[in-house]
Amino acid sequence: MHAIEQEREQLILSKELKEDKKLELSNDIGRSDRDFKEIIANSIQLIDIENVTDKLSALNKALKEPISYPNNYVLASLANRIYKGEKRNSTGQYSHGEAVPGLGNWQLLTVAERSGGLFKTILNAPVNAITQGATSGYFGAAYWNPDTQQVIIVHSGTKNFGGATADLNGVLLNQHVYQIDSAITFTDKIISVLKEVNKYKGSNIQLFITGHSLGAWLAPITAFSAKYLVKEGDYFVASTDFEKTAYHASAVIFDPPGCEEMLRRIQSRLMDRYTPSRINSLDITTYLSAPNLINACNPQVGEVYRLFVDLSGREKQDLWSNVKDWFDININYTRFTHSIEKIKGMFDPEIGEVLKDKSGQLRIKKVRDWPLLISGDEEATTRNKAFWVAKWAVRVVTHSVPIAGLLTDIGEGTYAAGSFIKWHVEFKGELNNFFELANKSNDFHLNDKDTHLKTGGRKIRYRTEHLNEDYKNERSLNAFTQPERKFLEEYKFLERYQEDLQGIVTLEELFDSLKDDKKLISDIMEMLKGCKIENGIVRTQNLQEFIPYIKRMLHFFPEVKQKVAKAYYKLPSDIHNKLYQLISSSYLNAIKNSLDFGRDNFGFKAFVEDSNLKVLHTVQSCTSLGATKVYKTFSLVRNDYRDEKHHAFLNLDRIFYLGEEIFISFLKKIDYKYLLVIECDDVLNDKIKEFLEKLFSALEDNRNIKVILATEKGSDLSKFVSEYVVNNPSKCREENSEVKWNDLTPDSQRKLLEKTVIFQGREVPLSRVVNGSDALDTIIDPETIVELFQNKKIEIGKPLPGLGETEGYYIDRKLVKKVKVKKEVLKDDNLTDLFAISNINKEELSGLAGGRKVRNFSEEDPDRSSPIRFITLSENAEENFKNLCDGYSGHTIHLLERKNNGDLIWRKSHGKTLSGLRRYIENYESDLPDDAYSRNNTSIEMVNVNDISNFDERLIVVAAEPGMGKTTALTRLGAQRADDSKWLIRINLVEYKDKLEQEGFSDVVNSYMKITSYLIH
C-alpha cells in the first residue's frame, strides 16, 4: 500500500474510534477528594526497583502468600453486580474504596457514565445501565484489590434502549457503535493511571476485563485496544510500537454474542491489511451457556468453554409451557440460560471453580464448534430483517409511546410481527439444526455421534470435548506478554538441553541478579521445572498463582530475560536445528492435510539437483498456498533433503520471534545439505530487508544451503526478492505460475468442490453450482482456487431484490390458468399439432375427432414423417407424454385429459407454438364470468405463485392488467426458489423502457425471443 493510501486509510478509521469526551468517572483525577489514582497509590507499598533487597523481599512474600488471579466467581459476580448498579450514599457520592460484600477485598474504584444522564441528580438511587446511560447505553465500573494489586474493569450488558441499539447495530450488523468509544475511553483512562502508578511505585498492577452479554462483547475489544491502540489527540489509532505502549489485559467473559467479526473489522481498518492477525494473541477466556439466540450471533474468540447451567423444576416447566415452535423454545431457553445470575451459580463461591453435577461430573466442556444464528447466505438479508423487527420491539419495551404516535407504532408493530412470521424460518440457520436433536432430555447437549448426523442438509455445528479435573491447570500462553512468553519458551528449551550448556552457562547462573537469595532461585527453578509448554499451552499445578508470580519476577528482574536470551543464542547449531525441526514440524502439520499436487510443475527437481542454484522464488497470490505447493512437491519428488535434519519449513514471522540473528548464525554453521523454505507473508520493512540481505549473504558463504522463498504476488517484499533474483540469474530462479485446477489431484479437487459458496445469496456446495460441467479448469480459475484454499466467502451473483419492508403486507397470489379446451380443436384440419389424451379410448377419441385416425400409445406409428395426430394414453400419462415429446421433437404436442363429465382439460404442451391450441381455450380472450371461480368449475385451475417453479414447462407467461401484482408476486417467487444451485435471472423490461423505445418493435421482439430461447435451452 502506498504511503498516501495508508494515511487515508488511517484517517478514515481514526475518525471512527474517537475518545468519548462525555464519559465521566465518578471520582476522576482532580475532581474528587479521593480520586481513583489516589485510592490505588495509597494502598501500594513503594518498592525501589533499584533496591535488590526490596525486590527479593517482595518475591519471597509472594511465595509465602501467593497472589492468585481473580477467580471466576468474583468476575461473574461483578458482571452481575453492574446490572444492579453501584448505590450512592446519603451525600450523593459512591462508596469508593469500600469492599464489595462477599468478594474479599475487592473495592469499588470508580464508575464510568456519560454526562447528561436522566437520573444523574437523584440521590440514593442505583445509577446503572437501566437509569444512567438510558440515552447512551454505556455504563462501566472498575474495582481494585490492594492485596493482590489487580484491577477489574466491568462493562455492562444491555438493559436499556441505548444498549439495545448497540446490540443491534454493533452485534447483529457488525457496525461501529459509540459504546465502543465509551468502553475504550474508560479502559484508556484506567490504564493511563496504572502506568503512572507502576512507574513511581515500582509495581506491576495486573488488569482484567469482564462483562456479560453486550459487556462481554465490549471486553475483548477493550483488551485489543489496551494492547494495540494508543490515543493521539481525540482518536485511538494503531500503535507503531505496541510492545512498548501495550498494557496486557486478561478478559474473562460470560455468554457473549461473539465479537470476532468486529475485532477483524477494527484490525483491518486500523492496521496494514496483510499484517498477521492480532486477535489470536489476545488473552480471552469465554464461558458460554447452551447455544441460544445471544451466544450464537457471531463467532467467539479466545479459549471457549460451555457451562451447563442448572434450571429449576419451575423453569423447566415454564420452558415447555405454551411452546408452539422453535422460536418459543429459543426465547424461553435464552431467557433462562443467558442469565448472569445462573452462570454465576456455576462457580464455587469459595474457590471459584466450576461445580459438579449430581453424578460428580464437571458442568463444563471445551468448545470446538458452535452453531451460528445467522450464517453464510443469510447474513445480508436476515441481519437487516432482524434489525428492523428487533428495533421496533426495543422501542416498545423501553419507550412510553406518545398518544400522537400510537397509531403509527401499532402499524409498525403489526408489520413487524407479520414480517417476523414470514422470515423467522430463515433466521434459524445452524442453531435450528442443533435444536432439532438437542432438547431438555439431553441437557441441550450433543455428543460426537449426534453431531455427525445430517439435519436439513447441513452438518450440525456443535462439538465439545470432555474436561478432567486438570483443565484448570492449563491455559493459553497468551496469558503472558510476548517478552514473558519468549522467556518461558527459551528457558524451557535451555532446561531441556542443559547438558549442552556445559561451558556456556548453568541454569542457576541465569538468575545471577537474584544471587543474594539462593533459596529463592531454587524455588523459582523448581516452579519453572514443573511447568510444561506445548502447542501454545502452558500447564502446571497452581496455574492461577504461577502466572502472576512469573510476571512479578520478570518485572522486578528483567535481567533474567536477557540472560536466558543470551544463553539461548549461544547454543550449538545442532541444538538450534532441533528447535527449528520442532517449529517446522508444527508448521507442516497445519498444511499436510491440505491440497495435493499431481506433479512437479514449477521445476522443483531441477532446482534441488542444480548445484549452482541457491534461491528459488515462488510467487503466488497466497503465500500459504505457495508454501503448500512447495511442500507437496517436495514430498512427491525424490531428493537429498527428505530427512528432517536437512530441511525446515518456517514462517518469516516465526523466525523473527525466535531471533533472526540466531537463525542467520545457525545457517552459517551448517556443514551438511540443507533446504530452507520460508513463507514470507509479512509487510516489507527495514528489519525484513536487513534480514533478507543477511540471508543472501549467508548463502554466498555456505554452499550447503538452498532457500525457497514463497512471497505474495505484487507485494513490496516479493518485488524486493525479485530484484535480487534478476541481479543474480546464475544462482536464482523465479516461478510465478498460479495454481491451476488441473495441477491438483482428483482428491484435492473433490475437497474444493465440497466447500460452500454464496450463490445468488444462498450457501450451497460448489459442486452443485458447477454440476455436470466438463470444463472446470476454465470455470474454477486460480483466483477462485486461492479463495477456496483460504476458506474465504465466495459470492457468485447477487441475490434478487426482495420485497423489503413491505414483506409483512404481502398477500399470497393465486394465478388463474384457463384449461378447458373446446372439442372443435380436434376437427381443425388447419392444425398439424399432435394431441395425446388420457382417460379416453380409441373409439371415443375417434368420434370426437370426426373419424380421423387414432392410435393407442402402445401401438407403433406407421409413418412418423406424417404421424397419426391423435393418441390415447395409458395410466402412465405423464411418462407416455414425455416419450412422445422425445420421439416427435419436430412437432408441437399437447397433453389433454378427458374428465368424467366429458370436458377436455389442457395439462401441458411441448413444441414451438401454442397459437393453434390457444384459439380453442374457453374464455381465452375474454374475462371470466362471475361464477367462474366456483369450486365445481373445471374450466380453470387456481395455482399458487410459489408453485410455478415446480412446473415442468420451460416457459411460463403470467399475464394480467397493470397493478394486479405481477411484479410483486414474481419478486417474492424469486426469494422462494426451490433449487439453490440454479441461476435465477430477473429482467424487468420496464427498467429498459427508454432503450427499448429507441429500437424498432420488431427488433425488440426478435431480441426478446432470442434471450428467451437461450434461457430455456
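The values are calculated or read from the model by the stated rules, or taken from the named source; none is laboratory data. Since this is a predicted model, take the numbers as computed values, not measurements. So basically every Cβ, Gly included, is an ideal-geometry build from the backbone, and we count neighbours across all protein chains shown.
Below are the figures for this structure:
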item: Strands (runs of 3 or more DSSP E) within segment 729-780 that include 1 or more residues touching a residue at least 24 places away in the same chain (Cβ under 8 Å) and in contact with a Cys (Cβ under 6 Å, 6 or more places away or on another chain); result: none
item: Every residue from segment 664-677 that is in contact with a helix residue (DSSP H, G or I) (Cβ under 6 Å, 6 or more places away or on another chain), in contact (Cβ under 8 Å) with a residue 40 or more places away in the chain and buried (at least 19 other Cβ atoms within 10 Å of the Cβ); result: Phe666, Val677
item: Number of positions in segment 726-771 that are of a type in the set (Val, Ile, Thr) and at pLDDT 90 or above; result: 3
item: Odd one out for Ile758, checked against (1) within 30 Å of Val615 (Cα to Cα); (2) out of contact with any helix residue (DSSP H, G or I) (no Cβ under 7 Å at 6 or more places or on another chain); (3) surrounded by 13 or more Cβ atoms within 10 Å (Cβ to Cβ); result: (1)
item: Conditions (1) crowded, with 24+ Cβ neighbours inside 10 Å; (2) on the phi < 0 side of the Ramachandran plot; (3) at pLDDT 50 or above; number of the one not met by Gly163; result: (3)
item: Lone unmet requirement of (1) closer than 25 Å to Glu489 by Cα; (2) crowded, with 17+ Cβ neighbours inside 10 Å; (3) out of contact with any Pro (no Cβ under 9 Å at 6 or more places or on another chain); (4) of a type outside the set (Lys, Arg) for Phe656; result: (2)
item: Set Gly1000, Gly965: member being more than 30 Å from Ser767 (Cα to Cα), out of contact with any His (no Cβ under 6 Å at 6 or more places or on another chain) and either hydrophobic (A, V, I, L, M, F, W, C) or at pLDDT 70 or above (or both); result: Gly965
item: Residue match in segment 903-911 (condition: out of contact with any Pro (no Cβ under 7 Å at 6 or more places or on another chain), loosely packed, with under 14 Cβ neighbours inside 10 Å and either assigned to a loop (DSSP other than H, G, I, E, B) or of a type outside the set (D, E, K, R) (or both)); result: no
item: Residue ranges of helices (runs of 4 or more DSSP H) in segment 531-593 with at least 1 members at pLDDT 90 or above, over 30 Å from Ser748 (Cα atoms) and touching a Ser or Thr at 6+ places or on another chain (Cβ under 7 Å); result: 543-556, 559-569
item: Elements of type helices (runs of 4 or more DSSP H) contained in segment 308-393, each with 2 or more residues being farther than 27 Å from Ala76 by Cα and at pLDDT below 90; result: 326-337
item: Selected residue (criterion: surrounded by the most Cβ atoms within 10 Å (Cβ to Cβ)) from residues of segment 761-798 that are farther than 19 Å from Cys622 by Cα, out of contact with any Ser or Thr (no Cβ under 7 Å at 6 or more places or on another chain) and polar (S, T, N, Q); result: Ser767
item: Which listed residue, of Leu25, Leu59, is at pLDDT 85 or above, under 30 Å from Leu514 (Cα atoms) and either touching a helix residue (DSSP H, G or I) at 6+ places or on another chain (Cβ under 6 Å) or surrounded by 17 or more Cβ atoms within 10 Å (Cβ to Cβ) (or both); result: Leu59
item: Verdict on Lys817 being outside any loop (DSSP other than H, G, I, E, B) and surrounded by fewer than 19 Cβ atoms within 10 Å (Cβ to Cβ); result: yes
item: Test: Ile190 is at pLDDT 90 or above and in contact with an Asp or Glu (Cβ under 8 Å, 6 or more places away or on another chain); result: no
item: Every residue from segment 781-804 that is of a type in the set (S, T, N, Q) and part of a loop (DSSP other than H, G, I, E, B); result: Gln790, Asn791
item: Among (1) at pLDDT below 90; (2) farther than 14 Å from Ile343 by Cα - the single one Ala290 does not satisfy; result: (2)
item: All helices (runs of 4 or more DSSP H) inside segment 192-304 with 3 or more residues being over 30 Å from Arg461 (Cα atoms) and touching a helix residue (DSSP H, G or I) at 6+ places or on another chain (Cβ under 7 Å); result: 214-228
item: When residues of segment 347-366 are limited to those that are β-branched (Val, Ile, Thr) and crowded, with 18+ Cβ neighbours inside 10 Å, the one nearest to Ser289 (Cα to Cα); result: Ile364
item: Pairs, first in contact (Cβ under 8 Å) with a residue 60 or more places away in the chain and within 17 Å of Asn839 (Cα to Cα) in segment 879-905, second of a type in the set (Lys, Arg) and assigned to a strand (DSSP E or B), C-beta under 6 Å, six or more apart; result: Glu897/Arg907; Asp903/Lys820; Leu904/Arg898
item: Total residues in segment 42-53, condition in contact (Cβ under 8 Å) with a residue 24 or more places away in the chain and out of contact with any helix residue (DSSP H, G or I) (no Cβ under 9 Å at 6 or more places or on another chain); result: 2
item: Odd one out for Leu510 among (1) of a type outside the set (Val, Ile, Thr); (2) in contact with a helix residue (DSSP H, G or I) (Cβ under 6 Å, 6 or more places away or on another chain); (3) under 30 Å from Val367 (Cβ atoms); (4) in a helix (DSSP H, G or I); result: (3)
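Let's see how each residue does on (1) touching a Ser or Thr at 6+ places or on another chain (Cβ under 8 Å); (2) in a helix (DSSP H, G or I); (3) modelled with pLDDT under 90:
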| site | (1), (2), (3) |
| --- | --- |
| Ile840 | yes, no, no |
| Glu844 | no, yes, no |
| Gly847 | no, yes, no |
| Gly850 | no, no, no |
| Cys885 | no, yes, no |
| Glu925 | no, no, yes |
| Leu928 | no, no, yes |
| Ile948 | no, yes, yes |
| Ile956 | no, no, yes |
